[in-house]
There are 2 protein chains.
Amino acid sequence: MEIDGLILDIDGVISRGRKPIERAIEGYRMLKDAGIKVVFVSNNSTRSRRIMFERFASFGIDAEEEDLIIATHATAVYIAREHGKARIYTTGEPGLQEELQNLGHELVDYREAEFLVVGSNRGINFEIFTKALRLALNENIRYVAVNPDKVFPAEDGPIPGTGLIIGALYWMTGRMPDAIVGKPSKIIMEQAIERLGLDRDRVAIVGDQIDVDVLAGKNAGIKTILVLSGVTDESNYRKKVEEVGVEPDYVFRDLYEVAQRLTSSK
Amino acid sequence: MEIDGLILDIDGVISRGRKPIERAIEGYRMLKDAGIKVVFVSNNSTRSRRIMFERFASFGIDAEEEDLIIATHATAVYIAREHGKARIYTTGEPGLQEELQNLGHELVDYREAEFLVVGSNRGINFEIFTKALRLALNENIRYVAVNPDKVFPAEDGPIPGTGLIIGALYWMTGRMPDAIVGKPSKIIMEQAIERLGLDRDRVAIVGDQIDVDVLAGKNAGIKTILVLSGVTDESNYRKKVEEVGVEPDYVFRDLYEVAQRLTSSK
């Protein structure tokens with residue numbers, strides 16, 4: 001396995017919610033010490049890069065803010081590159097709003113919008129749904145979703161992901177987003193590969209979900225490493241491979257074991 | 001056209017929102033004077049029969065409360081007949097809650113529920129979606145939707161219907177309701193035909209929507225009359241017939257013309 005750069009999923013690889021995963025930080029340091037480049041990719045649609053950066057610092061991870069490819073930020077970058085500065089109505093939370101404004105986009109009421117940006121919102125309400133509905137019904141509006149995640153496993157049980165809004169709009173209007181930024185989409189992966197600045201045959205993604213991380217790696221044409229420190233474990237691994245129809249190139253118990261393997265050959 | 005009983009859609013036939021449609025009340029009185037039985041059917045998922053009854057009284061319609069087959073009430077009746085008194089978690093508004101309780105059902109938190117009843121709610125929020133999601137993920141929970149309406153034409157533009165919640169749950173879980181009560185479902189139509197107490201070949205539905213009212217009439221095996229006083233007009237009539245694939249037996253301008261035709265042959 002000749003790898004010069006890794007794209008690390010965060011939830012289930014580095015941490016679970018706010019808690020770091022045992023040995024993951026040690027694994028990260030081993031990788032860095034061996035000269036392997038590392039960036040982080042997350043489908044999170046509610047947090048800004050700045051918030052995630054602060055959390056990483058508390059874990060003892062010395063990444064730069066630019067190494068954090070959060071779907072909120074990646075969405076702002078995508079729209080800026082496709083269109084330039086845009087007038088945006090978003091369903092999303094302050095973390096997404098902050099990222100959109102940081103890239104120079106203007107947050108406006110739905111009547112003035114050119115873009116509808118759908119991100120999850122724990123403060124979702126009927127008025128937000130009504131505005132998003134009216135924009136989705138308008139073919140002249142570009143519709144971008146931060147990620148396609150359907151359900152998120154919270155501590156006390158499943159909670160809705162961004163798919164809550166995507167699904168509601170699809171059912172009411174027949175329309176799907178024009179672009180989805182988060183994994184398994186290539187959009188966020190291309191930004192991560194670009195940040196690494198390496199040939200893609202020397203890059204791998206490390207993640208805990210076959211239908212998200214492994215599929216994203218396949219879509220981007222890089223190597224794929226599944227770790228069993230998140231939602232996938234030995235008991236459901238084969239079943240998920242069959243469901244999704246893609247197989248990871250390598251399987252390790254956790255990031256520490258990935259680091260052991262990669263650094264032993266350096 | 002030999003008709004002894006009519007099932008009248010409300011919105012687009014009798015009224016638009018809170019305003020009666022011109023000549024509709026006169027048409028209703030002509031029908032009653034000629035001895036034609038009339039009941040009313042509405043997919044409304046937020047109002048109780050009592051509220052609709054008060055509105056009808058203000059229009060000068062002297063129907064009995066039992067003649068109003070509102071989807072909220074029809075849902076409570078359906079569950080009582082299928083299951084008996086049930087422990088229900090509902091996404092719905094007080095109008096739906098009132099109807100469920102009137103039939104002896106118990107409204108409970110989602111952890112205690114046997115039934116998930118989905119009705120539209122202008123106070124919808126993330127917590128309600130989370131509870132509905134967890135119930136929809138549980139195969140032991142019976143899931144009933146008050147109506148399948150996707151979008152509702154409000155005065156200032158389209159707003160989400162009950163389909164907002166049905167679509168979100170379907171997208172997140174892959175699950176559709178076990179039963180949908182409102183038109184074009186047969187469930188509400190059977191309750192209306194039962195109230196009329198007539199053979200179905202002497203009964204017709206009068207409505208303004210081909211995919212809702214005319215389809216409901218076909219599903220129930222009764223005659224179908226389209227009126228052009230609501231969302232369907234002469235310019236879009238043929239297009240909608242082709243889209244839905246069903247054709248009304250008769251087309252009239254409004255309820256008044258229906259009444260003229262039916263009472264002239266009496």
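The single residue among B:Ile222, B:Ile210, B:Ile180, B:Ile193 that is within 14 Å of chain A (Cβ to nearest Cβ) and of a type in the set (A, V, I, L, M) turns out to be B:Ile180. All of A:Ile165, A:Ile180, A:Ile187 fail the test of being in contact with a Ser or Thr (Cβ under 7 Å, 6 or more places away or on another chain) and over 22 Å from A:Ser15 (Cα atoms), apart from A:Ile165.
Checked against the criteria, B:Leu103 does not count as within 13 Å of another protein chain (Cβ to nearest Cβ), surrounded by fewer than 21 Cβ atoms within 10 Å (Cβ to Cβ), out of contact with any Gly (no Cβ under 8 Å at 6 or more places or on another chain) and over 25 Å from B:Asp211 (Cα atoms).
Listed here are the residues, each with its yes/no results for (1) of a type in the set (Gly, Ala, Ser); (2) modelled with pLDDT under 95; (3) under 16 Å from A:Ile188 (Cα atoms).
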site: A:Val39; (1), (2), (3): no, no, yes
site: A:Asn44; (1), (2), (3): no, yes, yes
site: A:Ala63; (1), (2), (3): yes, yes, no
site: A:Thr72; (1), (2), (3): no, no, yes
site: A:Val108; (1), (2), (3): no, no, no
site: A:Arg111; (1), (2), (3): no, no, no
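For the stretch B:116-147, the set of residues classified as within 15 Å of B:Ala71 (Cα to Cα) and either more than 10 Å from chain A (Cβ to nearest Cβ) or out of contact with any Ser or Thr (no Cβ under 9 Å at 6 or more places or on another chain) (or both) consists of B:Val117, B:Val118, B:Gly119, B:Val144, B:Ala145, B:Val146, B:Asn147, listed by residue number. With respect to (1) touching a residue at least 12 places away in the same chain (Cβ under 8 Å); (2) closer than 30 Å to B:Asp149 by Cβ; (3) surrounded by fewer than 16 Cβ atoms within 10 Å (Cβ to Cβ); (4) within 14 Å of chain B (Cβ to nearest Cβ), the lone exception for A:Gly161 is condition (3).
Part of a loop (DSSP other than H, G, I, E, B) and at pLDDT below 95 - does that describe any residue in the stretch B:139-147? No, the stretch B:139-147 contains no residue that is part of a loop (DSSP other than H, G, I, E, B) and at pLDDT below 95. Identification of strands (runs of 3 or more DSSP E) wholly contained in the stretch B:35-124 with 2 or more residues that are under 20 Å from B:Arg195 (Cβ atoms) yields B:37-42, B:68-70. Out of all the residues in the stretch A:233-247, is one or more among the small types (Gly, Ala, Ser), more than 19 Å from A:Ile36 (Cβ to Cβ) and without any contact (Cβ under 8 Å) to a residue 60 or more places away in the chain? Yes, there is a match, as at least one residue in the stretch A:233-247 is among the small types (Gly, Ala, Ser), more than 19 Å from A:Ile36 (Cβ to Cβ) and without any contact (Cβ under 8 Å) to a residue 60 or more places away in the chain.
In the stretch B:54-84, which residues are of a type outside the set (A, V, I, L, M), buried (at least 20 other Cβ atoms within 10 Å of the Cβ) and free of Cβ contacts under 8 Å to residues at least 60 places away in the same chain? Matches in the stretch B:54-84: B:Phe56, B:His73. Residues of the stretch B:148-158 that are within 8 Å of chain A (Cβ to nearest Cβ) and in a strand (DSSP E or B): B:Val151, B:Gly157, B:Pro158. Would you be able to say whether some residue in the stretch A:187-208 is crowded, with 19+ Cβ neighbours inside 10 Å and without any contact (Cβ under 8 Å) to a residue 12 or more places away in the chain? No, the stretch A:187-208 contains no residue that is crowded, with 19+ Cβ neighbours inside 10 Å and without any contact (Cβ under 8 Å) to a residue 12 or more places away in the chain.
The residue list A:Ile61, A:Ile88, A:Ile51, A:Ile69 contains one member that is β-branched (Val, Ile, Thr), away from chain B (no Cβ under 14 Å) and in contact with a Gly (Cβ under 8 Å, 6 or more places away or on another chain), which is A:Ile51.
The values are calculated or read from the model by the stated rules, or taken from the named source; none is laboratory data. Computed from a prediction, not measured in an experiment: that's the story for all the values here. All Cβ positions, even for glycine, are placed from backbone atoms using ideal geometry, and neighbour counts span all protein chains on display.
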